Amino acid sequence: NEKWNSQIQFADQKQEFNKRPSKIGRRSLSRSISQSSTDSYSSAASYTDSSDDETSPRDKQQKNSKGNGDFCIKNIKQADFGRREIEIAEQEMPALMALRKRAQGEKPLAGAKVVGCTHITAQTAVLMETLSALGAQCRWAACNIYSTQNEVAAALAEGGFSVFAWKGESEDDFWWCIDRCVNVEGWQPNMILDDGGDLTHWIYKKYPNMFKKIKGIVEESVTGVHRLYQLSKAGKLCVPAMNVNDSVTKQKFDNLYCCRESILDGLKRTTDVMFGGKQVVVCGYGEVGKGCCAALKAMGSIVYVTEIDPICALQACMDGFRLVKLNEVIRQVDIVITCTGNKNVVVREYLDRMKNGCIVCNMGHSNTEIDVASLRTPELTWERVRSQVDHVIWPDGKRIVLLAEGRLLNLSCSTVPTFVLSITATTQALALIELYNAPEGRYKQDVYLLPKKMDEYVASLHLPTFDAHLTELTDEQAKYLGLNKNGPFKPNYYR
């Protein structure tokens, strides 16, 4: 099955690539759209591709089997496929399923009207159906123009959700879908679930009065959280917001454990490279860098690290990596991986000095780390080898292999384990419950971290999967440590 999945995925990506150049002309990217929402993101096995039918979903009238047409997706007929995808995802998302069981009786989100803007994949579908089981009404759009799994969107629409999304939207479609979610007669959202901050941005721009009814915003991405802190600083944030991006479980899973698995996956799928004995430089030794280095070292690569922060640099040294400046090793390394979250980490001067066949890729959030624009000059030749793989050739015949045009490697070229997304989705669900049910005045108009107790609860819901058994404190031990027996066990600043 695995093999079949990957073949479907490559076929899907080839078609997506062939169609992209024609779209780019029509799509002038405005500054307001967050970069992550246009980053190409392949969903595991999307059976569907937009090439089977060129009419825009906006021009089609579709209804589900119950005669409801309050949605806009590619093709409602694919709902059965999508349902199967969702059922597979449910098996790897134990915590959400446990949450449904525990909270179905009391419906903690009864009366909640959630408007959401996230990647629309089988995993998000499990989250949406959980919110619905907990009593919420949901309307949803995609936060990325490439990442929607059309068949999953169809299954959601068939299940009665108002979903506005399809794979390969134009930028105009992107904002139109968000608007259709928000601007509805007789329905007003009271909670926002956002990934990247575009939905929040749109409501601020178009419907600022809606914030009178909104109890809070839950935001899961680095970019979106950054935008919220900017609003807060400027005194423009008029509702409480929950930053789930920086909760400990999400940070560790999304950045450290996820990248430890997906870095090898992304490189193998695109280049079939052998890692043993290869010299690799990893720029940045934060959570993502640590994950990448651990995986590469285990495969027998010789790993160098660059870092600006002396604490992270010392950690790299203690973990057995050579700490270098990029210009000291750029001529000899076989692979360059960026994960700093900064810009211009690998500039043209370094690209010029790389050896023939060097693989260059980015694991950081946005596509600013590798200066790809500097490679689009007349003397260099670009050859597309396969989906997401380009050879850039110098006049003397030297070539480098650039992956995903410097965009996020693991979202563009491979997949993210469902279990990792389970952690994120459970955190989002609990943050929504917390903000929605909080008594007046507990949260002011500011950005908050998820309470430590909730973070520990997310972790505990995932333990049964591993048949893991937690030790309980005795009353005497709890008193000795000055803790409550049920937690929280660590201070808020503990990572």
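The values are calculated or read from the model by the stated rules, or taken from the named source; none is laboratory data. Bear in mind the structure is a predicted one, so any value in this text is a computation, not a measurement. Note: ideal-geometry Cβ built from the backbone for every residue, glycine included; neighbour counts use all protein chains shown. Areas reflect the complete protein model, heavy atoms only, side chains present, ligands, DNA and RNA absent. Shrake-Rupley method; radii C 1.70, N 1.55, O 1.52, S 1.80 Å.
Structure above, values below:
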{"item": "In the stretch 253-413, lysine pairs closer than 14 Å at Cα, eight or more apart or cross-chain", "result": "4"}
{"item": "Square roots of five times the Cα gyration tensor eigenvalues for the stretch 193-276, Å", "result": "36, 14, 10"}
{"item": "Cβ-Cβ FRET estimate between residue 98 and residue 396, R0 fixed at 51 Å, reported to 0.05", "result": "0.30"}
{"item": "Mean separation of Cα contacts under 8 Å (6+ apart) over length of the chain, as relative contact order %", "result": "15 percent"}
{"item": "Long-range tail of P(r) for the stretch 253-413 (Cα pairs > 28 Å, %)", "result": "12 percent"}
{"item": "q = 0.11, 0.18, 0.20 Å⁻¹, the stretch 131-232: log10 I(q)/I(0) [Debye, one scatterer per Cα]", "result": "-0.33, -0.94, -1.16"}
{"item": "Amide H contacts under 5 Å for residue 408, placed H, 5+ residues apart", "result": "none"}
{"item": "Largest-first ordering by accessible area, 1.4 Å probe, given options 466, 275", "result": "466, 275"}
{"item": "Violating pairs (Cα-Cα greater than 27 angstrom) within the set 107/453; 74/236; 252/490; 212/252", "result": "74/236; 212/252"}
{"item": "Net charge contributed by nearby residues that have their C-beta within less than 14 Å of residue 204 (K/R +1, D/E -1)", "result": "+1"}
{"item": "Theoretical FRET efficiency, 1/(1+(r/R0)^6), r = Cβ-Cβ of residue 355 and residue 309, R0 30 Å, to 0.05", "result": "0.60"}
{"item": "Listed peptides 484-495, 367-378 by packing density, highest first (mean Cβ within 10 Å)", "result": "367-378, 484-495"}
{"item": "Rounded to whole Hz, the Karplus (6.51, -1.76, 1.60) HN-Hα couplings of the stretch 215-229, x for glycine and proline", "result": "8, x, 10, 10, 10, 10, 10, 4, 4, x, 5, 4, 5, 5, 5"}
{"item": "Per-residue ³J(HN,Hα) for the stretch 235-245, Karplus 6.51 cos²θ - 1.76 cosθ + 1.60, θ = phi - 60°, Hz, x for Gly and Pro", "result": "x, 9, 7, 9, 9, x, 10, 10, 8, 8, 4"}
{"item": "Ratio Rg/Rh [Cα only; Rh per Kirkwood] for the stretch 43-177", "result": "0.96"}
{"item": "Per-selection Rg to Rh, the chain - Cα, Kirkwood hydrodynamic radius", "result": "0.97"}
{"item": "Using θ = phi - 60° and Karplus 6.51 cos²θ - 1.76 cosθ + 1.60, couplings along the stretch 145-150 (whole Hz; Gly, Pro as x)", "result": "6, 10, 8, 5, 8, 4"}
{"item": "Residue 463/residue 379 FRET efficiency (R0 41 Å; Cβ-Cβ; nearest 0.05)", "result": "0.10"}
{"item": "Flagged links, alpha-carbon separation over 21 Å, of 205/233; 113/167; 113/250; 66/167", "result": "113/167; 113/250; 66/167"}
